[in-house]
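Visitor: Supplied in structure tokens, the structure appears directly below.
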Amino acid sequence: MQKDASQFHKKTRSARKPLARPPENRPAQLNFPQDLPITARKDAIIKAIQTSRVVIISGETGSGKTTQIPKCCLAAGCGNRGMIGCTQPRRIAAINVAKRMAFEFKESLGHSVGYKIRFDDKTPAGACIKVMTDGILLAETQQDPLLKRYDTIIVDEAHERSLNIDFTLGILRRLIKKRKHLKLIITSATIDTRKFSEAFDNAPIIEVSGRMFPVEMIYRPILEDTGEKQNPEDQGYVEAAADAAHSLLTRTRSGDMLIFMPTEQDIGETMELLRGRQHPGVTILPLFARLSAGEQAKVFSRAPGRKIIVSTNVAETSLTIPGIRYVIDTGLARIPSYSPRTRTTSLPVRPISQSSANQRMGRCGRVENGICIRLYDEDDFNGRPFFTAPEILRSNLAEVILRMISLKLGDVQGFPFIDPPAPKSIRDGFDTLVELGAVKVSDKPKKSFELTDVGQIMSRIPVDPKLSRILIAAKDNHCLAEALVIATALSISDVRQRPADKAAAADQKHARFKDPSSDFITLLNIWDAYQAEEKKSRSRTRLRQFCMDHFLSFKRIREWLDIHSQIRRQLKEHGFSNFSPFTFLPGTDHLKSKAKDIGGPLYIALHKPFGRIPVPHCP
């Protein structure tokens with residue numbers, strides 16, 4: 001009986017293996033637009049694909065690489081043994097790249113080209129090109145470890161070096177040795193080509209030029225009334241960007257504009273300021289990864305008059321917006337980083353690298369001479385690192401290991417990362433996960449780790465493992481809303497400010513929020529006070545004044561609000577639904593006024609999940 005069951009499971013597993021069959025739907029013709037720089041290099045690219053199993057293509061912004069390289073693959077004879085898979089780092093990019101290719105093939109989306117993102121698969125059975133997020137390709141390796149559906153895989157925007165991209169590249173480094181007919185193309189606008197080439201046995205490198213018109217660079221640092229450079233904590237970049245846009249609109253008559261902002265909240269505030277200027281014939285639109293398909297379509301459609309697109313770094317490389325002549329760059333983005341001191345991952349707004357700044361500049365100058373305004377000075381630019389550090393080198397290894405175990409990618413020490421993490425960091429990561437109860441040692445003959453039930457839930461919540469463990473416990477203690485406020489506060493720098501020359505005044509103002517027994521309750525008090533002020537004043541200027549009066553960082557509080565909104569949304573997507581304020585048990589209504597006091601119901605509930613997690617203290 002046991003043998004029969006074993007044979008049944010074996011048959012079932014083999015039946016689930018995807019079959020690689022030649023795609024039936026292929027474009028009727030391949031046309032390469034003559035106005036794209038990559039067209040001049042297409043013959044060299046096609047030949048390289050035919051003669052090499054791995055090709056590295058470094059194409060500047062606007063070169064046309066994302067939409068034309070899949071065509072080069074078809075012209076080189078790819079797509080006969082299986083599909084051509086093309087990964088993108090963001091859902092918005094995957095959808096729009098697929099739509100653009102279908103348009104150039106003069107066919108409807110879903111014939112020879114389709115896309116797949118989470119919860120939405122528009123890839124027909126016979127398609128020869130499939131555009132997807134890198135997360136989708138990783139998920140497919142669970143059921144199809146050899147990725148037999150594909151005979152060619154294109155990893156686009158590899159320079160972003162997210163964890164998903166590094167996992168994908170590691171898997172493909174193994175896979176290229178197992179599948180002799182698999183072709184791999186790695187593309188990016190800015191990339192350390194030598195490092196990637198060496199990782200894939202000195203694969204050939206092809207470079208493609210990008211921008212076709214000159215761009216005038218204007219450095220316009222944000223200044224105080226005194227003429228000194230403004231402290232970044234003051235978050236004056238929103239007003240500075242609106243002023244720069246106003247200046248361009250009043251002295252030019254044509255051309256669309258792209259403004260880069262670090263967060264969605266900044267986008268909304270910038271749009272509000274711009275609309276308040278009431279420029280006639282100007283349409284102001286947002287662009288960020290979470291935007292609905294209908295709102296995205298407005299960004300790419302032609303409209304009468306001029307357009308101003310206010311975007312996060314999603315428009316840096318993943319998307320090309322037609323008609324952009326002017327770029328305003330704040331030089332900032334939200335860049336996750338891990339702090340060994342607190343052993344938590346934070347999500348601060350930080351200066352971008354030189355390569356990212358150049359990517360942003362490259363968004364203009366494609367249709368005619370362009371202008372790029374940088375809201376920082378040239379010395380600041382020259383002092384920035386050339387590349388953004390790979391996410392794995394600025395991540396909590398506990399989070400990386402959790403993801404790897406969940407994806408069944410094997411031993412982290414043996415995984416072929418492009419930039420492998422230090423062994424000590426790996427050991428610390430495992431220690432953290434064991435301490436949190438997320439992993440346990442399996443009973444198999446060879447020592448390995450597997451996820452516990454709690455670890456399974458944690459792996460699905462895309463936040464620092466310590467915070468996800470806190471939020472799971474908070475949900476069980478019916479204080480998720482309050483714990484989320486505190487957990488997100490731990491992911492940023494302390495919102496309290498204590499200037500050396502005004503220390504006594506700052507202490508006096510902070511006393512309004514301070515709880516003598518709990519820093520957690522203190523953070524809740526600050527949150528509640530700001531929320532109350534926001535409801536009362538409804539004015540950005542008054543809120544900034546409130547922060548100044550109480551020695552709070554307006555910039556960091558805005559970050560706090562933005563991250564809270566972001567993680568709350570992610571939790572809802574993963575089944576966390578009760579965000580109501582703390583509920584008192586029947587018969588304890590009389591304790592409401594003392595809920596936060598030592599021994600009060602909320603005090604007890606909150607301190608269970610947080611345990612010994614360190615809280616940032618005011619300097």
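The values are calculated or read from the model by the stated rules, or taken from the named source; none is laboratory data. Because the structure is predicted, anything quoted here is derived from the model rather than measured. Positions of Cβ are backbone-derived with ideal geometry, glycine not excepted, and every protein chain shown enters the neighbour counts. Quick note on the areas: whole protein, heavy atoms, side chains included, nothing else; ligands and nucleic acids left out. Shrake-Rupley method; radii C 1.70, N 1.55, O 1.52, S 1.80 Å.
Visitor: Out of ARG363, ARG302, which single residue is out of contact with any His (no Cβ under 7 Å at 6 or more places or on another chain), open to solvent by less than 30 Å² (accessible area, probe 1.4 Å), in a loop (DSSP other than H, G, I, E, B) and of a type in the set (D, E, K, R)?
Guide: ARG363
Visitor: Note down all Cβ pairs under 8 Å where the first residue falls in segment 495-516 and is open to solvent by less than 60 Å² (accessible area, probe 1.4 Å), the second is among the polar types (S, T, N, Q) and assigned to a helix (DSSP H, G or I), and they're at least six residues apart or on different chains.
Guide: Short answer, once both residue conditions are applied: PHE513/THR522; PHE513/ASN525; ASP515/THR522; ASP515/ASN525.
Visitor: A further question on this structure: Being over 28 Å from GLN545 (Cβ atoms), open to solvent by 10 Å² or more (accessible area, probe 1.4 Å) and out of contact with any Phe, Trp or Tyr (no Cβ under 8 Å at 6 or more places or on another chain): is that true of LYS475 here?
Guide: no
Visitor: For ARG91, only one of the following conditions fails: (1) within 21 Å of the chain's Cα centre (by Cα); (2) open to solvent by 10 Å² or more (accessible area, probe 1.4 Å); (3) closer than 30 Å to ASN202 by Cβ. What is its number?
Guide: So the condition that ARG91 fails would be (3).
Visitor: State the number of residues belonging to segment 76-132 that are closer than 21 Å to ARG161 by Cβ, outside any loop (DSSP other than H, G, I, E, B) and not hydrophobic (A, V, I, L, M, F, W, C).
Guide: So the answer is 4.
Visitor: Looking at the structure I just gave you, is VAL282 buried (at least 20 other Cβ atoms within 10 Å of the Cβ), touching a strand residue (DSSP E or B) at 6+ places or on another chain (Cβ under 7 Å) and either under 29 Å from GLN354 (Cα atoms) or touching a residue at least 12 places away in the same chain (Cβ under 8 Å) (or both)?
Guide: Here the answer is no, as VAL282 does not meet what is asked.
Visitor: Give the residue that is nearest to LYS514 (Cα to Cα), with candidates limited to residues of segment 524-579 that are in a helix (DSSP H, G or I) and among the aromatic types (Phe, Trp, Tyr).
Guide: TRP527
Visitor: One residue is enough: does segment 257-279 have a residue meeting the conditions closer than 29 Å to GLN570 by Cβ, under 20 Å from the mean Cα position of the chain (by Cα), small (Gly, Ala, Ser) and open to solvent by less than 10 Å² (accessible area, probe 1.4 Å)?
Guide: no
Visitor: Would you be able to say whether some residue in segment 427-438 is open to solvent by 40 Å² or more (accessible area, probe 1.4 Å), within 23 Å of the chain's Cα centre (by Cα) and not polar (S, T, N, Q)?
Guide: Checking segment 427-438: not a single residue is open to solvent by 40 Å² or more (accessible area, probe 1.4 Å), within 23 Å of the chain's Cα centre (by Cα) and not polar (S, T, N, Q).
Visitor: How many residues are crowded, with 19+ Cβ neighbours inside 10 Å and farther than 19 Å from SER565 by Cα if we restrict to segment 285-295?
Guide: 1
Visitor: Among the residues of segment 382-406, which ones are hydrophobic (A, V, I, L, M, F, W, C), out of contact with any helix residue (DSSP H, G or I) (no Cβ under 6 Å at 6 or more places or on another chain) and surrounded by fewer than 19 Cβ atoms within 10 Å (Cβ to Cβ)?
Guide: Once the filter is applied, which keeps residues that are hydrophobic (A, V, I, L, M, F, W, C), out of contact with any helix residue (DSSP H, G or I) (no Cβ under 6 Å at 6 or more places or on another chain) and surrounded by fewer than 19 Cβ atoms within 10 Å (Cβ to Cβ), segment 382-406 yields ALA389, LEU393.
Visitor: Oh, and also: Residue by residue through segment 170-195, note down the ones that are touching a helix residue (DSSP H, G or I) at 6+ places or on another chain (Cβ under 7 Å) and in a helix (DSSP H, G or I).
Guide: Of everything in segment 170-195, those that are touching a helix residue (DSSP H, G or I) at 6+ places or on another chain (Cβ under 7 Å) and in a helix (DSSP H, G or I) turn out to be ILE171, ARG173.
Visitor: If you scan segment 101-119, which residues turn out to be open to solvent by 60 Å² or more (accessible area, probe 1.4 Å) and polar (S, T, N, Q)?
Guide: Listed by number, the list holds a single entry, SER108.
Visitor: Taking the criterion of being in contact (Cβ under 8 Å) with a residue 12 or more places away in the chain, surrounded by fewer than 20 Cβ atoms within 10 Å (Cβ to Cβ) and of a type in the set (A, V, I, L, M, F, W, C), would at least one residue in segment 525-533 satisfy it?
Guide: Yes, because at least one residue in segment 525-533 is in contact (Cβ under 8 Å) with a residue 12 or more places away in the chain, surrounded by fewer than 20 Cβ atoms within 10 Å (Cβ to Cβ) and of a type in the set (A, V, I, L, M, F, W, C).
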